[in-house]
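Everything below concerns the one structure shown next.
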Amino acid sequence: MPPETEAGTTRPDIGDVRIQDVVSIKEQTALERLLSSQPFWVTIALLIIIGVMSYLQPGIFSSEANFYNMTRNFSYIGIMAVGMVAVIITGGIDLSVGSIMGVTGVVCGILLESGSAWYVAVAGGLLTGMFAGSINGLLIAYAGLSPFVVTLGMMSFARSIAIVLSENRMIYEFGPDGANFKILGGGQMLGFSNIFWALIILAIIVGIILRFTTWGRYLYSIGGNEHAARLTGVPVNRAKAQAYVLSGLTAAIAAVLVVGWQGSAINALGTAYELRVIASTVIGGANLMGGEGGVYGAVIGAALLEVIRNSLLMQGIDSNWQGAFVGVFIVLAVLLEKIRGQRRV
């Protein structure tokens with residue numbers, strides 16, 4: 001029997017949810033949403049570390065040269081993190097980005113060494129990254145294989161291909177158009193490296209796509225509940241495959257810029273970078289279970305890791321401790337996400 005009110009009339013009761021429980025839910029204000037945002041607190045942590053290091057190492061840490069180096073060094077990780085966050089939003093993972101970066105760099109080097117124009121080398125590199133990403137996407141989305149297994153296999157395969165193509169040598173004779181290619185990653189504008197500007201442009205573009213386009217909403221719905229997304233007509237397989245293509249593309253963009261900056265291509269390029277990229281996205285608020293994450297968080301997470309690395313070096317701490325600090329921050333980020341999730345329940 002439905003419960004009765006004091007006036008003797010029945011009160012609607014839908015299952016275990018009472019009407020007053022629903023109407024009493026209060027929407028978060030803009031300030032409350034900001035304070036509950038993980039990227040916000042990562043930004044605060046970044047600013048605190050910068051402030052402390054500027055005090056401890058005046059004129060060194062905050063110098064123009066060091067600031068230039070830090071922004072350049074985190075930018076190529078940030079570029080890959082921009083693609084990685086799209087994959088993680090779907091509930092997937094891409095362990096192959098470092099190896100894709102390596103094989104892309106070798107392809108660019110070989111094309112330049114053969115006398116190709118700089119734009120041919122760039123196009124070849126980008127197509128290589130997208131092709132590797134498409135293989136990942138097809139096997140994961142359409143064959144139904146585990147993202148972890150597929151991208152782990154691609155990590156090994158792409159690294160092996162890089163070694164074979166390069167004949168296990170450094171490629172540094174970039175041919176007649178090598179100088180133009182080197183400007184892409186080695187040049188600067190308005191006091192910042194070209195790699196940093198590439199990150200800003202790419203982050204804005206992908207951020208807009210994820211937030212304001214149908215494809216972006218598809219990715220979040222897939223990560224939130226893939227089965228429900230299929231029932232509502234979301235092209236799950238296609239969207240998931242495209243996310244891995246984007247991840248491969250951003251790894252290739254990073255490779256092109258880094259090879260141009262370093263002036264050489266080696267098959268070891270990008271080794272273990274996948275860990276730094278995943279760490280950046282997780283620290284920035286991406287949920288490894290899917291459905292949560294954003295471009296700003298991925299970028300600020302990459303910046304935090306680089307500032308920590310730079311600070312440790314400035315303080316004379318053994319570089320072997322860097323991995324320990326990164327591991328601690330990853331665990332803290334996941335713990336913070338769990339606490340936030342419990343508060344939302």
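Cα convex hull, region 190-345: 149 Å³ per residue, rounded to a whole number. Classified by the C-alpha gyration tensor, region 36-111 has an oblate form. Its axis ratio a/c, with a ≥ b ≥ c, is 1.5 or above, and a/b does not exceed b/c.
Shown here: the chain, whose C-alpha atoms stretch 91, 53, 34 Å along the first, second and third principal axes, sorted largest to smallest. For region 218-269 versus region 100-179, the spacing of their alpha-carbon centroids is 15 Å. Under a Gaussian network description of the chain, with springs only between Cα atoms under 10 Å, the residue in 317, 283, 222 that fluctuates furthest is 317.
Just add up the charged neighbours of residue 264: K/R +1, D/E -1, any other residue whose Cβ is under 13 Å from the Cβ of residue 264.
Values: positive: 169, 182; negative: 113, 173.
Result for the neighbourhood of residue 264: 0.
Based on Cα contacts under 8 Å between residues 6+ apart, region 75-299 shows a relative contact order of 44 percent.
Ranked by the mean number of other Cβ atoms within 10 Å of their residues, highest first, the peptides 113-124, 30-41 fall in the order 113-124, 30-41.
Under a point-charge model restricted to the Cβ atoms of Lys and Arg (+1) and Asp and Glu (-1), what is the dipole moment magnitude of the chain relative to its Cα centre, in debye to the nearest 20?
140 debye
Note on the chain: GNM, Cα springs under 10 Å; of 219, 246, 332, the largest mean-square fluctuation is that of 332.
Each Cα pair under 8 Å and six or more residues apart adds its separation to the average, and for region 211-345 the resulting relative contact order is 21 percent. Projecting the Cα atoms of 102, 82, 171 onto the charge dipole of region 75-299 (Cβ charges, centred on the Cα centre) puts 82 farthest toward the positive pole.
Rule-based calculations on the coordinates, nothing more; no lab input. In this text, all values refer to a predicted model and were calculated from it rather than measured experimentally. Note that each Cβ is placed from the backbone with ideal geometry, even for glycine, and that neighbours are counted across all protein chains shown.
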